[in-house]
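Student: This is the structure I have questions about; it appears just below.
Bear in mind that the values in this text are calculations on the coordinates, not laboratory data. Everything numeric in this text was worked out from a predicted model, so none of it was measured. Positions of Cβ are generated from backbone atoms using ideal geometry, with glycine treated the same way; all protein chains shown enter the neighbour counts.
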């Protein structure tokens with residue numbers, strides 16, 4: 001297929017370069033001791049490899065970022081009863097989610113390849129793009145294992161009946177290659193990524209069919225095994241879209257003949273046309289993905305299924321929020337997050353916290369009112385009347401109850 005343009009609706013997760021020195025032999029011993037002391041039991045060899053690699057890079061990052069002395073204190077705490085998240089907060093004086101995101105955002109690969117060199121491998125519903133010789137290529141079996149595992153778990157959540165299944169299968173079959181595209185870059189700048197990961201629903205132009213073909217996928221930078229944390233988050237967005245996009249998204253024919261010899265001459269017309277398509281559909285896709293609620297749902301699903309959380313590398317979001325409020329921080333009202341989105345404000349640490357807060361709010365609603373109530377709420381604008389109709393309290397009442405549940 002010959003592609004000329006790709007226009008996308010980006011669904012951003014939250015987002016100085018820091019190059020890890022991958023030559024610390026003692027770190028492997030520290031990982032081994034940690035696993036033995038904690039008594040970790042792995043489901044299979046793939047999960048064991050994911051966790052061992054993740055621990056190795058996390059320990060390497062913490063030691064190089066904060067120094068050997070503080071790392072020694074952190075490591076001692078983990079071997080004497082504290083969880084990794086608690087030890088992070090106690091040793092480094094920062095919320096563990098903030099350190100985890102920082103460990104992704106500050107790390108960069110020193111090598112940058114020509115994007116045209118990317119290879120692709122297909123497995124099931126996934127088409128994964130990566131660079132030859134990159135860490136992504138080396139970890140490809142583990143990457144596919146994670147993608148397949150999260151895909152199975154998430155489809156079981158969002159597909160509840162024959163109608164959901166039919167809609168999901170129909171939508172996926174209409175997308176380019178009938179696949180979810182996953183782009184794993186060597187660094188964020190190379191992929192034009194301004195956060196941790198970016199999911200998209202877009203269109204690529206097929207010269208032969210003279211049509212814009214829908215495309216769905218996500219892109220991220222893959223530095224090491226820790227980078228796989230984003231997979232469950234972005235897949236949640238995409239599977240929500242595939243199960244809620246009704247009527248299905250379909251190819252859009254270009255209304256006039258497009259001569260291959262006149263590619264550059266016609267590019268302006270193509271852009272004008274696709275921009276009109278994009279502006280017509282962008283807000284609809286945002287609603288399908290749940291807008292601000294959708295980010296909270298993606299983090300909530302990550303907390304349920306992600307391997308880094310299951311094996312204790314990342315912990316309960318509410319523990320972080322209690323730590324932040326206990327050290328002079330304030331929680332943002334959920335109503336403000338719904339009205340303004342999660343990325344308002346210039347302080348990136350605050351944006352990270354917005355994702356945590358929305359995650360916590362979704363978990364609170366699901367636990368107190370049920371998953372069906374959460375699904376009803378994401379289809380509504382989020383007014384006081386909507387909250388009253390679904391939850392029986394207005395927005396202010398919900399904020400008060402949610403904060404009280406966290407702090408007490």
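Student: Using 5 Å bins from zero, what percent of all Cα-Cα pairs in the stretch 133-260 falls into each bin?
Tutor: Taking all Cα pairs of the stretch 133-260, the binned fractions are 2, 10, 18, 19, 17, 14, 11, 5, 2, 0 percent.
Student: At residue 380 and residue 256, where each label point lies 7 Å from the Cα along Cα→Cβ, what is the point-to-point distance in nanometres?
Tutor: Simple spin-label model gives 4.7 nm for this pair.
Student: With labels modelled as points extended 7 Å from the Cα through the Cβ direction, what inter-label distance (nm, one decimal) is found for residue 115 paired with residue 160?
Tutor: 4.0 nm
Student: Assuming R0 = 60 Å, can you tell me the calculated FRET efficiency for the pair residue 272 and residue 38, based on Cβ-Cβ distance, to the nearest 0.05? Before the final figure, lay out each step's value.
Tutor: Values: r = 58 Å, r/R0 = 0.97.
Efficiency computed from Cβ-Cβ geometry: 0.55.
Student: With r defined as the distance between the Cβ atoms of residue 400 and residue 48 and R0 fixed at 56 Å, what FRET efficiency is calculated, to the nearest 0.05?
Tutor: Using R0 = 56 Å, I get an efficiency of 0.80.
Student: Report the normalised scattering of the stretch 25-105 as log10 I(q)/I(0) at q = 0.22 Å⁻¹, calculated by the Debye formula with identical scatterers on the alpha carbons.
Tutor: At q = 0.22 Å⁻¹ the computed log10 ratios are -1.12.
Student: Given the C-alpha atoms of the stretch 316-407, compute the convex hull and give its volume per residue in Å³.
Tutor: Considering the Cα atoms of the stretch 316-407, their hull volume per residue is 89 Å³.
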